[in-house]
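Participant: Can you keep this structure in mind? I'll have questions shortly.
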Amino acid sequence: MKRMMTLATLNQSSAHERMRAIHRIRTSGTVDEGMIALLLDTLGHDSNANVRLVALEALAAHADVPGAREGLVQSLDRQESPLVQLALTDVIVRLNEKQAVGHFRRILQQKDLNDVVRTRINDSLKILM
């Protein structure tokens with residue numbers, strides 16, 4: 001029931017309501033793979049960068065749940081917001097997730113990549129390798 005309520009709230013038009021729903025997931029104590037999937041979907045597809053950042057924080061707090069780490073790495077390829085890219089890079093380095101190296105290299109090939117993001121990814125590659 002709680003999951004259905006959260007899903008309904010995540011589909012709200014208000015970014016504020018979506019962030020509140022994510023906060024409820026993060027503080028609920030028990031997060032299952034279904035909730036991780038909801039958070040990953042939000043991180044990958046929400047139109048609001050702030051909502052994606054809140055989803056990223058929740059995912060980072062529950063990185064021990066199966067699928068969370070891999071989902072974080074996979075979401076690297078879908079992020080266009082420099083703020084989200086920077087935050088995601090920091091989380092991946094903090095988790096020491098070496099699977100991200102190939103994703104980071106692909107991102108560095110983008111010609112229009114923000115210079116700050118490029119520098120942070122280069123620094124992150126040095127740490128992870």
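Participant: Of the residues Thr6, Thr119, only one is surrounded by 15 or more Cβ atoms within 10 Å (Cβ to Cβ), of a type in the set (Ser, Thr, Tyr) and either in a helix (DSSP H, G or I) or at pLDDT 90 or above (or both); which?
Facilitator: Of Thr6, Thr119, the one residue that is surrounded by 15 or more Cβ atoms within 10 Å (Cβ to Cβ), of a type in the set (Ser, Thr, Tyr) and either in a helix (DSSP H, G or I) or at pLDDT 90 or above (or both) is Thr6.
Participant: Here is a follow-up. Restricting the search to the range 94-116, which residues are part of a helix (DSSP H, G or I) and over 25 Å from Ser47 (Cα atoms)?
Facilitator: Matches in the range 94-116: Arg94, Lys98, Gln99, Val101, Gly102, Arg105.
Participant: Here's something else I'd like to know. Hey, does the range 114-122 have a residue that's among the aliphatic types (A, V, I, L, M) and touching an Asp or Glu at 6+ places or on another chain (Cβ under 9 Å)?
Facilitator: No.
Participant: Does Ala55 satisfy the criteria of being within 30 Å of Gly29 (Cβ to Cβ), small (Gly, Ala, Ser) and not in a helix (DSSP H, G or I)?
Facilitator: Considered against the rule, which asks whether it is within 30 Å of Gly29 (Cβ to Cβ), small (Gly, Ala, Ser) and not in a helix (DSSP H, G or I), Ala55 comes out as no.
Participant: For the range 74-108, which positions are under 16 Å from Ala49 (Cβ atoms) and among the charged types (D, E, K, R)?
Facilitator: Arg78, Glu80, Asp90 - these are the residues of the range 74-108 that are under 16 Å from Ala49 (Cβ atoms) and among the charged types (D, E, K, R).
Participant: Aliphatic (A, V, I, L, M) and at pLDDT 95 or above: which single residue out of Ala58, Ala87, Ala63 fits that description?
Facilitator: Only one candidate passes the filter, namely Ala87.
Participant: Can you spot a residue in the range 72-86 that is assigned to a loop (DSSP other than H, G, I, E, B) and over 28 Å from Ser13 (Cα atoms)?
Facilitator: Within the range 72-86, none of the residues are assigned to a loop (DSSP other than H, G, I, E, B) and over 28 Å from Ser13 (Cα atoms).
Participant: Among the residues of the range 49-69, what is the count of those that are touching a residue at least 12 places away in the same chain (Cβ under 8 Å) and over 15 Å from Leu88 (Cα atoms)?
Facilitator: 3
Participant: Right, another one. For the range 17-46, give me the residue count where each residue is under 17 Å from Leu76 (Cβ atoms), touching a Ser or Thr at 6+ places or on another chain (Cβ under 9 Å) and of a type in the set (A, V, I, L, M, F, W, C).
Facilitator: Of the residues in that region, 2 qualify.
The values are calculated or read from the model by the stated rules, or taken from the named source; none is laboratory data. A quick note: this is a predicted structure, and the numbers were derived from the prediction, not measured. Cβ: placed from backbone, ideal geometry, glycine included. Neighbour counts: every protein chain shown.
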